[in-house]
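Inspection log for the structure reproduced underneath, given as structure tokens.
Readers should treat all values here as calculations from the given coordinates under stated rules, not as data from a laboratory. Remember, it's a predicted structure, so these values are computed and weren't measured experimentally. Don't worry about glycine lacking a Cβ; one is built from the backbone with ideal geometry, like all the others, and counts go over all protein chains shown.
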Amino acid sequence: MSRFRPTDEKQLAEIVSAALDSEEPLEIVAGGSKRGLGRPLQAPHTLDVSGFSGIRQYEPEELVLSAGAATPLDEIEKTLKAKRQMLAFEPGDWRALLGSGGQGQTLGGIISCNLAGPRRIRQGAARDHFLGFQAVSGRGEAFKAGGRVVKNVTGYDLCKLIAGSYGTLAVMTEITVKVLPLPEATRTVALKGLDDARAVAAMIHGLNSSHELSGAAHLPGAAGGALTVLRVEGPVPSVEARSAALRAELKTFGGAEILGDADSVKLWTGLGDGTPLAGDKESAVWRVSVAPATAPAFLAQLGRALDFKYFLDWGGGLVWLSVKGGEDGGAQDIRACLAQDQGHATLIRGSAALRNSVPVFQPLAPALASLAARIKDGFDPKRVLNRGRLYPEI
Amino acid sequence: MRMPTPDAATIARRGAIAAQLRAIVGDAAVIESENERRPYETDGLTAYHALPLLVVLPSTTQEVSRIMAYCHRENLKIVPRGAGTSLSGGALPLEDGITLGLSKLNRILDVDFDNRCAVAQSGVTNLAITNAVADKGFYYAPDPSSQIACSIGGNVAENSGGVHCLKYGLTTNNVLGVEMVLIDGTVIRLGGKHLESGGYDLLGVTVGSEGMLGVVTEVTVRLLRKPTTARAVLVGFPSNESAGQCVASIIGAGIIPGGMEMMDKPAIHAVEDFVHAGYPLDVEALLIVELDGPTAEVDHLIERVEQIAKQCGSVSVRISNNEAERVLFWAGRKAAFPALGRITPDYYCLDPTIPRAKLPDVLRHMAELSKKYGLRVVNVFHAGDGNLHPIILYDANKPDELERTERFGVDIMKYCVDMGGVLTGEHGIGVEKRDLMGVMFNAADLNQQQRLKCAFDPQGLLNPGKVFPELHRCAELGRLHVHHGKVRFPDLPRF
């Protein structure tokens, strides 16, 4: 067991080349906050990339920031906030959820896992803000892709491939992302006591309105009863007008309360962090992506097979589940309720034993599995980078 | 620009191949005669043309699959074609390759307002999607200027943009899923009505892959509610610098306009002479800033934009007070190309993106190049996202003007890359900019992109000759230089 900590791209390439030659895989680690996410690794060596840290270029008026891949997210968010900007995809902090403590997350970590919080429905995920990178492939070769501008179609969009690849294709050293202005104000329209079907209907109403929602969630287990929340962001006069109009339009769903800035920020940050399901450390936590309007049917069907706690984000399109007991953490029942090609389920929190025994990521159709394997061949033919983190053969 | 040498043996088999294809799609859907192949010889980049071996027009995904399986078995090249509006030659035919036209896949299969998406076959036009949902107050956001004609499948291939990209994203940010046929005929589905997918983001790499990874037959797009209000501000500036500063200040103030377009002096004059939109003629640069969204927000922000424009030294500011005025502000910008058609026999449009702060610098350099090459250049500019559209005016009938134009264009693109920009923001590489890829990418970068291609199409049958200046065999790209245990881990501190 060795731990390597390269400080430049050349050293990094040498380490990967050596791993390639000896066929001894590397586990890539920076902040280490998401080590408990994905399939457990048993790599003989640890590749500590925390040396690739620091903001390299930040031009607020270009809406672009470049930083070392292991730059702490806190540092980036602080820098952006000083110029009233943000990473608009609202990455959650899952340290409490995963019980991982320790250091904070890094930019490379959230890109590699393609994380996105409640604002996903309006602004997209990490993938949608990822403009370019420098990396060393599993072939030990330095390469780059993308650019440093917000609109670019020069060559294949390898950023999309790297986002969500969990470090299985290349080790990133530098990342360029698009940033956006922080909203001046936030309001949340909160409805009480709705069941799943009514809650999703209210969220559809809100999302289909002209009020440009940047969040729509349903918390059936909130203290004080079920809470359905709709978020608007923007300049003060705009959020005042929109939240009032929304409340009026949603009258048929009962009277709504309007939360101000501080309460809103707390609520939505908690949702992105998975806080409602973080408490019970023994349970398995899943994120299930479905067509938003089908969430109630999915929950009803799953309810006949399994006991679980849950909440909905992304207007119903993201079902957070917490499943207690059961040998497989509910894997079989959850996936059985997902029609073919109609969604996917990811195990977010589970013991290493559970993550070893059930597919953490949605099993792929045969044609897609072989495509994924061939892509891996092209980037990391000897499987030295995070071998097995996504799928056993990848 | 050199295309792969056509294979004479394949061309000699034209009749036999046509017969096999007719067995799949029927007689009427295979075009063999030279006269009828002629309309397919070029796309929106008319400087290049080649007659395809055959044109085949399937009507179903199953037919696409059977055609591709047949071509794969027979080692035949395929050039997919949507509406043929590519500005980079993405659908340029091959003399020994089949042009696979998707125009008959023209149905909208599903409109699902509850999930805010629509499912359309790949030959449906961009605008037809918006038209199908407009009565309910929805639309599909990316709006390339060819939207009346271009197909959604072509938009996916090229990752098309439009004037609203800064706020609403490109095609890639607005597509939820595709059905795609792989080179061996396998039909796969990526994404769907849900967000994201398990495993690698194959949908993400398919968008913008210029028809080289698979043939898209069906697309699920995200629908948006049409903004309640849109208002525009028309601002004149005494210099490109002050206009550029205004763009930066608007964004720096946290305002993301729905559209922000800039025109330089030659462009202003050309369009004003043509459409009489009331543009000021005594300014060096004109900015159209459009704010869209909820009424309360638009009315609030438009005043701030006006203030910022004045602080940046604008010499004229007009705010649209009704829809007719807003449309008039845009009329000139939207007529830029036909307006130029009146003052020049031919023009050539580029689309590099630059960091916005470099705009005055890039425009100055372009003016110098214009003198050097003795050719006029006009600029319209998606100022919000930094996407330039330099348009070089030339006359193809004059000896060497096209060649000078191309060299001028290359110099512009190279300079933009030097300034931290990229070769193309929305038109794609195709054949047009293929040989310039080396300006942005080194061999290792390009090889890694080609290895992705190899995962989908190891024989290189899909749209060969596009995007990559040099084609390497996949076996060669896959080779690893291993040293059998002789490479040691470097002597670094281990923990």
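Some points to look at:
- Using R0 = 51 Å, the C-beta based FRET efficiency linking residue B:269 and residue B:107 works out to 0.70.
- Column: log10 I(q)/I(0), Debye, Cα scatterers of the stretch A:185-272, q = 0.12, 0.13 Å⁻¹: -0.29, -0.34
- With coordinates expressed along the principal axes, the C-alpha atoms belonging to the stretch A:275-357 extend over 33, 26, 20 Å, beginning with the largest.
- Our helix-only sum for the protein assembly as shown, with -39,500 (n - 2.57) per DSSP H run of n ≥ 4 divided by its residues, gives a mean residue ellipticity at 222 nm of -9500 deg cm²/dmol.
- Per-residue mean of C-beta atoms belonging to partner chains within 10 Å, peptide A:238-247: 3
- Counted charge near residue B:90, where neighbours are those whose Cβ lies closer than 10 Å (Asp, Glu -1; Lys, Arg +1): -2
- Orientation-averaged projected area, Cα convex hull of the stretch B:162-212 (nm²): 4.3 nm²
- Counting only residues at least eight positions apart within a chain, or on another chain, the aspartates and glutamates with an alpha carbon under 15 Å from that of residue B:265 are B:241, B:273, B:282, B:284.
- Of the peptides A:294-305, A:6-17, A:206-217, B:2-13, the ranking by mean beta-carbon count within 10 Å, highest at the top, reads A:206-217, A:6-17, A:294-305, B:2-13.
- Estimated from the Cβ-Cβ distance and a Förster radius of 56 angstrom, the FRET efficiency linking residue B:311 and residue B:184 is about 0.40.
- Over the stretch B:15-68, the hull volume per residue, using the convex hull of the C-alpha atoms, is 92 Å³.
- Legend: Rg and Dmax of the stretch B:35-173, from Cα coordinates, 16.0, 48 Å.
- Rounded to two decimals, the Cα-based Rg/Rh of the stretch B:229-335, with Kirkwood Rh, is 0.94.
- Here each label is just a point 7 Å from Cα along the line to Cβ, and for residue B:476 and residue B:323 those points are 5.9 nm apart.
- Within straight-line reach of residue A:309, meaning a Cα separation under 12 Å, sit the following aspartates and glutamates at least 8 residues removed in sequence or on another chain: A:280.
- For the residues of A:80-86, the average number of beta carbons from a partner chain within 10 Å of their own beta carbon is 1.
- Relative contact order computed over the stretch A:1-109 (Cα-Cα under 8 Å; 6+ residues apart), in percent: 31 percent
- Rounded to whole numbers, the Karplus 3J(HN,Hα) couplings from phi for the stretch B:219-226 are 10, 9, 10, 7, 9, 10, 6, 5 Hz, using 6.51 cos²θ - 1.76 cosθ + 1.60 with θ = phi - 60°, and x at Gly and Pro.
- Test item: B:452-464 mean partner chain Cβ contacts at 10 Å: 2
- Distance (nanometres) between label positions extended 7 Å along Cα→Cβ at residue B:281 and residue B:49: 3.8 nm
- Ordered from longest to shortest, the equivalent ellipsoid semi-axes for the stretch B:8-101 are 20, 15, 12 Å, each the square root of 5 times a Cα gyration tensor eigenvalue.
- Lysine pairs in the stretch B:344-434 whose alpha-carbon atoms fall under 23 angstrom of each other, counting only those eight or more residues apart or on distinct chains, come to 10.
- Normalised contact order of chain A, rounded percent, pairs of Cα under 8 Å and 6 or more residues apart: 19 percent
- Hydrodynamic radius of the stretch A:325-394 by the Kirkwood approach over all distinct alpha-carbon pairs: 13.4 Å.
- Tensor-based shape of chain A (alpha-carbon gyration tensor, a/c under 1.5 rounded, otherwise prolate or oblate): oblate
- Highest-first packing order for the peptide set A:53-66, B:318-331, B:27-40, B:219-232 is B:219-232, A:53-66, B:318-331, B:27-40, based on the mean count of other beta carbon atoms within 10 Å.
- Relative contact order [Cα under 8 Å, 6+ residues apart], chain B, whole percent: 14 percent
- Over the C-alpha trace of chain B, radius of gyration and Dmax come out as 24.0, 74 angstrom.
- Dipole magnitude for chain A: about 200 debye, using +1 per Lys or Arg Cβ and -1 per Asp or Glu Cβ, origin at the Cα centre.
- Overall size of the stretch A:1-111 from C-alpha positions, given as principal axis extents largest first: 48, 34, 18 Å.
- Neighbour net charge for residue B:346 - beta-carbon separation under 14 angstrom, K R +1, D E -1: -1
- Put simply, when A:116-123, B:406-413, A:80-87 are sorted by average Cβ atoms within 10 angstrom per residue, most first, you get A:116-123, B:406-413, A:80-87.
- Cα-based shape type of the protein assembly as shown, given that a ≥ b ≥ c are square roots of the gyration tensor eigenvalues and the cut on a/c is 1.5: rounded
- Computed from label points 7 Å out along Cα-Cβ, the spacing between residue B:331 and residue B:75 is 6.0 nm.
- Cys residues of the protein assembly as shown counted as unpaired, since no other Cys beta-carbon is under 4.7 Å: A:113, A:159, A:337, B:71, B:117, B:150, B:165, B:349, B:416
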